[in-house]
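**Student:** Structure incoming, see below.
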Amino acid sequence: MIDNAQLENICSNFLGPCQIQHFEVLGNGNINDTYKVDIQIDHTSHSYVIQRINHQIFKDPAVLMRNISLVTSYLRQSDYPYLTAELFSSVNGNLLVVDEEQQYWRCFSFIPDSYAPEGKTNSTLARRAACAYGAFSNALKDFPISDLSETIPDFHNTDLRWEYFVNVLEQDSVNRGKAAEPEINAMYAAFPVFEQISRLKKEGELPVRVTHNDTKAGNILFHKNTHEAIAVIDLDTVMPGTILSDFGDMVRTFVPDKYEDETGDVNLKLDVLQAVKDGFVAKTNDFLTKTEKEQLMLGAAWIAGEQALRFLTDWLAGDVYYKIQHPEHNLIRAKNQLNLFSKLRELI
Ligand code: GN1
Ligand code: MG
C-alpha cells in the first residue's frame with residue numbers, strides 16, 4: 001500500500017508542490033492501482049485521479065497514453081454527449097511520470113459527483129449505461145483505426161488464450177489441476193462457442209471497429225443525484241476489435257445477480273438484459289451489420305466464457321495476472337463465470 005508521502009511526491013510531479021489532504025483507493029481494478037487524491041490549492045480542495053499503470057501487462061505505457069489522447073481528443077470534437085476525464089501533463093510536459101522504482105504514473109481530473117456501480121444495477125441504470133457505451137462506439141465509428149495501437153496484443157484472441165490454457169494445464173506447475181477438474185471439464189465443454197467466434201472472425205463476418213474492450217458496469221460513471229450516465233472511463237484497452245465483445249462485457253457484468261467473484265448460483269436478470277440490448281441497439285443500429293446484430297448474444301456467451309478461461313488459467317498458473325484477495329479468488333471467479341456462461345449460452 002502506498003503512503004501519503006509517496007503519493008504526494010507523484011502528485012507534485014504533475015501539479016507542482018502540493019499537500020494531500022486525503023486519499024483513498026478508487027474502484028475495484030484488477031490490474032492498475034487507482035487513487036483519488038484531494039489537494040488544497042488556493043484555499044479550495046481539488047480532486048484528482050492518480051493511477052499506477054501495471055507495465056507487466058501494459059508493456060508500452062507511452063503507446064497506451066497516445067491511444068487515450070487520440071481517442072479523447074476525437075470524442076471531444078465530435079457530438080459525443082458524455083464527459084471524458086482530462087489528462088494532466090507532468091511539469092516536464094509528459095503524460096507519464098516514472099518514479100525511482102520504474103513505476104509509471106498518470107494523473108486524470110476526477111469527475112465530480114459521480115459513482116461507478118460495479119454491477120447489480122436495475123434496468124434503468126443498465127439502459128443508460130448501454131446507451132453510453134453504444135454512443136461511444138457510434139462516435140468512434142469513423143475514427144482512423146490504423147492510428148491506434150494494440151495496447152495488449154491479441155487481447156480477445158481466444159484461440160491464443162486457449163493454447164495458453166492448455167499449456168498451463170499440461171505443466172500444472174503449482175499442482176492445482178486436480179482441484180479444478182470440474183471447471184476444466186466445463187471449460188472444454190465451452191470450446192464450441194469459442195470456435196464459432198473464431199470462424200466468424202476468419203470469415204470476415206465481424207468488422208474490425210474501435211472498441212472499448214472493458215465495458216463492464218464499473219467503467220461507467222453515473223451522476224450521484226440524477227443517476228444519469230455521465231462518462232465512459234478506463235480507456236486503456238480501446239483498440240481495434242469486434243463490437244460483440246463490448247456488448248458481451250456489458251451483459252457479463254450488468255445482467256447477473258452476482259458480482260464476478262461471488263459464490264452461489266448465478267441467475268440472469270432478464271429485464272436488465274433487455275435494457276442492455278435496447279440501450280445499445282438504439283445507439284448502434286444504424287451502423288452495425290446484420291451479422292453483428294444477429295450475433296450479439298453469441299458475443300455475450302463468448303465473453304463470459306473467455307473470462308472464465310482467463311480466471312481459470314490464472315488460477316492454474318499460480319495467480320500471475322489478476323490481483324487476488326485470497327488464494328481461491330481466481331477459482332471462485334472462474335466458477336462464477338462458467339455458471340454465467342452456461343446460462344447465457346442457452347440464450348444464443
Ligand atoms: C481487468 O482491471 P480491470 O478491472 O479494469 C481486465 C479485464 C477483465 C476484468 C475482470 C487489462 O479489468 O479484461 O474483464 O479485469 N483488464 C485487463 O474484472 O486484463
Ligand atoms: Mg480495465
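**Student:** Quick test for you: out of 341, 311, 287, pick the one residue that is of a type in the set (Phe, Trp, Tyr) and farther than 23 Å from residue 192 by Cβ. Step through it out loud before you land on a result.
**Tutor:** Working: 341 fails: farther than 23 Å from residue 192 by Cβ; 311 fails: farther than 23 Å from residue 192 by Cβ.
Just a single option satisfies the conditions, and that option is 287.
**Student:** Let me ask something additional. Can you confirm whether residue 299 is more than 26 Å from residue 170 (Cα to Cα), out of contact with any Pro (no Cβ under 8 Å at 6 or more places or on another chain) and surrounded by 22 or more Cβ atoms within 10 Å (Cβ to Cβ)? Break it down stepwise before answering.
**Tutor:** Numbers: more than 26 Å from residue 170 (Cα to Cα): yes; out of contact with any Pro (no Cβ under 8 Å at 6 or more places or on another chain): yes; surrounded by 22 or more Cβ atoms within 10 Å (Cβ to Cβ): yes.
In short, yes.
**Student:** Working only within region 186-214, note down all residues that are in contact with a strand residue (DSSP E or B) (Cβ under 8 Å, 6 or more places away or on another chain) and either within 16 Å of ligand 1 (Cβ to nearest atom) or in a loop (DSSP other than H, G, I, E, B) (or both). Spell out how you get there, then give the answer.
**Tutor:** We begin by selecting, within region 186-214, every residue in contact with a strand residue (DSSP E or B) (Cβ under 8 Å, 6 or more places away or on another chain); these are 208-213.
Scanning region 186-214 gives 208, 211, 212, 213.
**Student:** Restricting attention to region 17-46, and to residues there that are buried (at least 16 other Cβ atoms within 10 Å of the Cβ) and of a type in the set (A, V, I, L, M, F, W, C), which single residue is farthest from ligand 1 (Cβ to nearest atom)?
**Tutor:** 18
**Student:** Would you confirm whether or not region 180-203 contains a residue that is farther than 19 Å from residue 302 by Cα and surrounded by fewer than 18 Cβ atoms within 10 Å (Cβ to Cβ)? First the steps, then the outcome.
**Tutor:** Residues of region 180-203 farther than 19 Å from residue 302 by Cα: 180-182.
Within this subset, residues satisfying the condition of being surrounded by fewer than 18 Cβ atoms within 10 Å (Cβ to Cβ) are 181-182.
Within region 180-203 (the criterion being farther than 19 Å from residue 302 by Cα and surrounded by fewer than 18 Cβ atoms within 10 Å (Cβ to Cβ)), the answer is yes, since at least one residue qualifies.
**Student:** Still on this structure: For the structure I just gave you, tell me whether residue 270 is within 16 Å of ligand 2 (Cβ to nearest atom) and either without any contact (Cβ under 8 Å) to a residue 40 or more places away in the chain or not polar (S, T, N, Q) (or both).
**Tutor:** Numbers: within 16 Å of ligand 2 (Cβ to nearest atom): no; either without any contact (Cβ under 8 Å) to a residue 40 or more places away in the chain or not polar (S, T, N, Q) (or both): yes.
Judged against the criteria, residue 270 is not a match.
**Student:** Consider region 197-224. How many of its residues are charged (D, E, K, R), away from ligand 2 (no atom under 12 Å from the Cβ) and in contact (Cβ under 8 Å) with a residue 12 or more places away in the chain?
**Tutor:** 4
**Student:** Oh, and also: May I ask you to say which residue of 109, 114 is hydroxyl-bearing (Ser, Thr, Tyr) and out of contact with any Leu (no Cβ under 7 Å at 6 or more places or on another chain)?
**Tutor:** Just one listed residue meets the conditions, 109.
**Student:** Here's something else I'd like to know. If you check residue 68 against the conditions, is it closer than 28 Å to residue 149 by Cα and either in contact with a Leu (Cβ under 6 Å, 6 or more places away or on another chain) or hydrophobic (A, V, I, L, M, F, W, C) (or both)? Spell out the reasoning first.
**Tutor:** Values: closer than 28 Å to residue 149 by Cα: yes; either in contact with a Leu (Cβ under 6 Å, 6 or more places away or on another chain) or hydrophobic (A, V, I, L, M, F, W, C) (or both): yes.
Yes; evaluated as a whole, the condition is true for this residue.
**Student:** Give me the residue from region 7-39 that is of a type in the set (S, T, N, Q) and closer than 17 Å to residue 104 by Cβ and, out of that set, nearest to ligand 2 (Cβ to nearest atom).
**Tutor:** Of all residues in region 7-39, those of a type in the set (S, T, N, Q) come to 9, 12-13, 19, 21, 28, 30, 32, 34.
Add one more test, that the residue is closer than 17 Å to residue 104 by Cβ, and what stays is 9, 12-13, 32, 34.
On the way: 9: 26, 12: 27, 13: 24, 32: 7, 34: 10 Å.
That would be 32.
**Student:** Pairs, please: C-beta under 9 Å, at least 6 apart or cross-chain, first residue over 18 Å from residue 157 (Cβ atoms) and in region 309-329, second among the acidic types (Asp, Glu) and within 12 Å of ligand 1 (Cβ to nearest atom)?
**Tutor:** Note: pairs meeting the criteria are 320/314; 322/314; 323/33; 324/314; 325/261; 329/261.
**Student:** Hey, another quick one. Look through region 165-179, keep the residues that are surrounded by 14 or more Cβ atoms within 10 Å (Cβ to Cβ) and part of a helix (DSSP H, G or I), and return whichever of them is nearest to the chain's Cα centre (by Cα).
**Tutor:** Ranking the candidates gives 165 first.
Only the coordinates and a few stated rules stand behind these numbers; no lab work does. Quick caveat: nothing in here was measured; it's all calculated off a predicted structure. Because the Cβ atoms are built from the backbone with ideal geometry, glycine has one as well, and the counts that use them run over all protein chains shown.
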